[in-house]
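Below is one structure; the comments refer to it alone.
The values are calculated or read from the model by the stated rules, or taken from the named source; none is laboratory data. Quick caveat: nothing in here was measured; it's all calculated off a predicted structure. Glycine gets a Cβ as well: all are built from the backbone with ideal geometry, and neighbour counts include every protein chain shown.
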Amino acid sequence: MDSSTVEPPSGCALHRCSRVRLIRVADSQTLPMNPRIDPSPALLELADLQAGVLTCEQAHGHGLTRNSVNRLVRGGPWQRLSPGLLYIGRPPTPWLALAWGGVLLGPAGSRLAGSAAGYLHGLIDHPPTTITVKVPWGRPVRDRWPWRFQQERVGLRRSARDDPPRIGVADTVLDLCDEAPESEVTGLVTTAVQSRKVTVPALRRCASRRSRLRHRTLLRKLLGDVETGAETPLELQYLRAVERPHGLPESRRQAANRAGGAQDVRYDDYLTIVELDGRLGHTGTGRFRDMSRDNRSTLTGAATLRYGHLDLFGSPCLVAWQVAQVLMGRGWTGMPTRCSNCRSVPDSGWI
């Protein structure tokens, strides 16, 4: 008999160990190993729509087991952004992927808000470090970096028809105004309106739905001025600090010219144009473009005055006096009035 087939006596410990070894060897030969499961095309397509981000629930729903997910994370290029949240890619994680992650961590109906929504709408130049996500009321989510979750009541804000889900432009502008100091509100509103991202009526409708709105009085006046055609902070400053308080005739703002452009301020009855330049200084093509525009206006018989930021904010009363002199020389029969800042200055002070 072959010695390799002889088993030890049945009662000894060696017999028991050998039997266990033989059973395990037999099991390994008959039982199939767990098959390798790779991400399906449908799952990869979903991740592509979400900037490379998936929830573990989405991965499991498309056939990936927990072991498969762990293998993909260990071997790369997948990474865990947070418990239950995956990113198909190597670090560093793009900001857009983090934005999607915040929405996917929240319950159904979660939306980006605040500066995150403002950046996606083009209202803010740089992406925020902290990403704000609005979640339905009564379904709180614990904050974790870089996400901050805020509950909101249904119907207060409208959604944009974009991905990732976010608050609409008008409500985002108002939210940014709520967070900003008063000095920045004018710039936020005029930039949004001037870029044609939102209209004054849309901002009014959104404001009327809110029982609490910081800077409400300022916003009401600002929207009224913007509706008259003042599209930039300089145009608003001219309207508020030059034209109105000094009794100048009403002008047209952003009036179209023959060259297809727009003139900041135009007094049609007196062939007088006021151009407002917010740049501290410029040379080159910009300077010659302004010169060419002024020359064309002169050829039509119009007088052009040009003022910058320092003029309008530093000495608006002097600007008003100079504009009034030109208007009176071109047929205006009125007289400029003194505002509270220039009543004590004698006439000789403006000459």
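The residues of the range 293-351 that are in a helix (DSSP H, G or I), of a type in the set (Gly, Ala, Ser) and modelled with pLDDT under 90, listed by number, are SER297, GLY314, SER348, GLY349.
Candidates are the residues of the range 143-189 that are of a type in the set (S, T, N, Q) and surrounded by 13 or more Cβ atoms within 10 Å (Cβ to Cβ); the one that is farthest from THR130 (Cα to Cα) is THR186. Screening the range 88-101 for residues that are closer than 14 Å to LEU120 by Cβ and free of Cβ contacts under 8 Å to residues at least 60 places away in the same chain and picking the one that is surrounded by the most Cβ atoms within 10 Å (Cβ to Cβ) gives LEU98. Residue-level check: of (1) modelled with pLDDT of 90 or more; (2) in contact with a strand residue (DSSP E or B) (Cβ under 9 Å, 6 or more places away or on another chain), CYS177 misses just (2). The condition of being within 27 Å of the chain's Cα centre (by Cα) and surrounded by 15 or more Cβ atoms within 10 Å (Cβ to Cβ) holds for only one of LEU85, LEU64, LEU72, that being LEU85.
Taking the range 208-235 as the range and being small (Gly, Ala, Ser) and surrounded by fewer than 19 Cβ atoms within 10 Å (Cβ to Cβ) as the test, the residues that pass are SER208, SER211, GLY224, GLY229.
Can you name the residue in the range 309-327 that is free of Cβ contacts under 8 Å to residues at least 40 places away in the same chain and out of contact with any Phe, Trp or Tyr (no Cβ under 9 Å at 6 or more places or on another chain) and is also farthest from LEU248 (Cα to Cα) among such residues? Going through the qualifying residues, I end up with LEU310. If a residue has to be part of a helix (DSSP H, G or I) and free of Cβ contacts under 8 Å to residues at least 60 places away in the same chain to count, how many in the range 199-256 make the cut? Looking only at that region, the number is 26. Determine whether LEU112 is in contact (Cβ under 8 Å) with a residue 24 or more places away in the chain and assigned to a strand (DSSP E or B). Taking the combined requirement at face value, the residue satisfies it.
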